Amino acid sequence: MRTLPDPRNGAMPTAAIIASIALLLASPAPTVQARPVPQTDDAKADPLPILMYDTDVGVGYGAKLFLLNHLRRDESLDAIAFNSTKGQRWVRLLFSAPDFERRQGSAYPVSLDLFVDYDARIRASFFGVGPDAQHADREKYRREAVDLRATVGRGFSPSLVGEAGARYRSVRHADFEEGSRLRVLSPDLNGATASWSSLMVSLRRDTRDSFVNPTRGFVLQGDAELARGLRSSTPQYVRYAAWMRAYSPVARTPVVLAFRVGAEGVVGDDLPVQALLSLGGAGTVRGLPQDRYLDRARALLNVEARLPIYRRLGAIVALDAGSVWPSLADASLRGWQTSPAVGLRYYLDTFVVRLDVGLGKETTGVYFNFGQVF
């Protein structure tokens, strides 16, 4: 991997954002053939009870409800309430107008997304900071996070989308083990609450044929976020990211090959653990425990072969890889964590149910969740 300018010098966020925007605008835009949810006047409701097992959260139970077009504005409401035997309490609400699938592959004047997420884990894990954190150093603590976002967007064309929004994020750490390293990490915020308000912008070139389950197309996306601490002891930071996703059918087969690669970083002085980027768990490298690695920068690579089995049932075979560093200037191809994964998919009209098994070197992860990983 090519060495990048050190973001601690202040050059990296601007350069990354400008480069990402230039790449998005310069990329050719093939004809988009979107396959949205059928446009009807009928409201749709998809309720789903949850009974599952996840390595990180134990036996879980709850419910998911997806409501579409009940206000006759092509809007959707996605709600999840969840509890588990390992002490996870999770509530999520997402209101979108128009719904993501219905706006996919179209030009539109404005969209609105409202997101509420509360995630409490009584037995969260901390392994240390940096790519050399050891599994044997694992300790437990309580983590409680609140994430509120409001985003407006515009589809400038069927394949070019811009978004801007505001965010409130608060993360509380408590109930440390005796001798916990979290108590002594600098700055001394890890035993209390770190909270931020922030402004976000995103620009993407998106030619996918579907938001829920794409089979062809690509996404090039650049993100930036400026977060200001709401407490005198909570520092501000800048987060920046660039991502690429691609989807393609394999010739003469029903198999879809999916690919994601990207890098992300945070820049700020004396950042607490709550502001660091994580690697591990159901959405990054399956087979690594949740938050297995933490640092200021991360890179991620996922490759999946998605295969149909019977009607709405499908499967995936995947390889996940990633690493973290103190900055992207320290990035290299050495020491990446890799994990193969297999899984099942059940495709509903409005969302995907997924079950994955990640085969890590230290642990085997079993994950139940919703939506494709990417």
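The values are calculated or read from the model by the stated rules, or taken from the named source; none is laboratory data. Remember, it's a predicted structure, so these values are computed and weren't measured experimentally. We place every Cβ from the backbone using ideal geometry, glycine too, and count neighbours over all the protein chains shown.
Test residue 299 against the stated conditions and say whether it is under 30 Å from residue 48 (Cβ atoms), under 20 Å from the mean Cα position of the chain (by Cα), part of a strand (DSSP E or B) and aliphatic (A, V, I, L, M).
The answer is no for residue 299.
So, in region 117-151, of the ones that are over 19 Å from the mean Cα position of the chain (by Cα) and β-branched (Val, Ile, Thr), which residue ends up modelled with the highest pLDDT?
Checking each candidate, the answer is 129.
Go through region 193-212 and count every residue that is more than 30 Å from residue 269 (Cα to Cα), buried (at least 18 other Cβ atoms within 10 Å of the Cβ) and more than 16 Å from the chain's Cα centre (by Cα).
Residues that pass the stated criteria total 5.
Only one residue in 354, 306 is basic (Lys, Arg), in contact (Cβ under 8 Å) with a residue 40 or more places away in the chain and not in a loop (DSSP other than H, G, I, E, B), so which one is that?
306
Any residue in region 148-171 that is touching a residue at least 12 places away in the same chain (Cβ under 8 Å) sitting within a Cβ distance under 6 Å of a residue that is among the aromatic types (Phe, Trp, Tyr) and surrounded by fewer than 18 Cβ atoms within 10 Å (Cβ to Cβ)? List the pairs, counting only those 6 or more apart or interchain.
Listed by first residue and then by second, the contacts come to 148/168; 149/115; 155/108.
From the list 265, 281, pick out the single residue that is crowded, with 19+ Cβ neighbours inside 10 Å and part of a strand (DSSP E or B).
Residue meeting the stated conditions: 265.
Could you tell me whether residue 137 is on the phi > 0 side of the Ramachandran plot, out of contact with any helix residue (DSSP H, G or I) (no Cβ under 6 Å at 6 or more places or on another chain) and free of Cβ contacts under 8 Å to residues at least 60 places away in the same chain?
Judged against the criteria, residue 137 is not a match.
Considering region 241-275 alone, what residues qualify as being modelled with pLDDT of 95 or more and closer than 18 Å to residue 200 by Cβ?
Those that are modelled with pLDDT of 95 or more and closer than 18 Å to residue 200 by Cβ: 241, 242, 243, 262, 263, 264, 265, 266, 267.
Which of (1) part of a loop (DSSP other than H, G, I, E, B); (2) modelled with pLDDT of 95 or more; (3) surrounded by fewer than 16 Cβ atoms within 10 Å (Cβ to Cβ) does residue 154 not meet, given it meets every other one?
Result: residue 154 fails condition (1) only.
Got a number for residues in region 75-101 being outside any strand (DSSP E or B) and at pLDDT 95 or above?
5
Anything in region 311-343 that is assigned to a strand (DSSP E or B) and either modelled with pLDDT under 95 or of a type in the set (S, T, N, Q) (or both)? List them, or say none.
323, 337, 338, 339 - these are the residues of region 311-343 that are assigned to a strand (DSSP E or B) and either modelled with pLDDT under 95 or of a type in the set (S, T, N, Q) (or both).
Return yes when residue 350 is under 29 Å from residue 267 (Cα atoms) and not small (Gly, Ala, Ser) and no when it is not.
The answer is no for residue 350.
Hey, residue 64 hits all of (1) modelled with pLDDT of 90 or more; (2) closer than 29 Å to residue 124 by Cα; (3) surrounded by fewer than 16 Cβ atoms within 10 Å (Cβ to Cβ) but one; which does it fall short on?
Going through (1) modelled with pLDDT of 90 or more; (2) closer than 29 Å to residue 124 by Cα; (3) surrounded by fewer than 16 Cβ atoms within 10 Å (Cβ to Cβ) one by one, residue 64 breaks only (3).
Determine which member of the set 183, 169 is of a type outside the set (A, V, I, L, M, F, W, C) and surrounded by 17 or more Cβ atoms within 10 Å (Cβ to Cβ). Give the derivation first.
Numbers: 183 fails: surrounded by 17 or more Cβ atoms within 10 Å (Cβ to Cβ).
Residue meeting the stated conditions: 169.
Check region 220-235 and report whether any residue there is closer than 24 Å to residue 103 by Cα and polar (S, T, N, Q).
Yes, there is a match, as at least one residue in region 220-235 is closer than 24 Å to residue 103 by Cα and polar (S, T, N, Q).
The rows are residues; the columns are (1) modelled with pLDDT of 95 or more; (2) farther than 24 Å from residue 257 by Cβ; (3) in a strand (DSSP E or B).
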residue	(1), (2), (3)
194	no, yes, yes
198	yes, yes, yes
201	yes, yes, yes
205	yes, no, yes
220	yes, no, yes
227	yes, yes, yes
232	no, yes, no
235	no, yes, no
239	yes, yes, yes
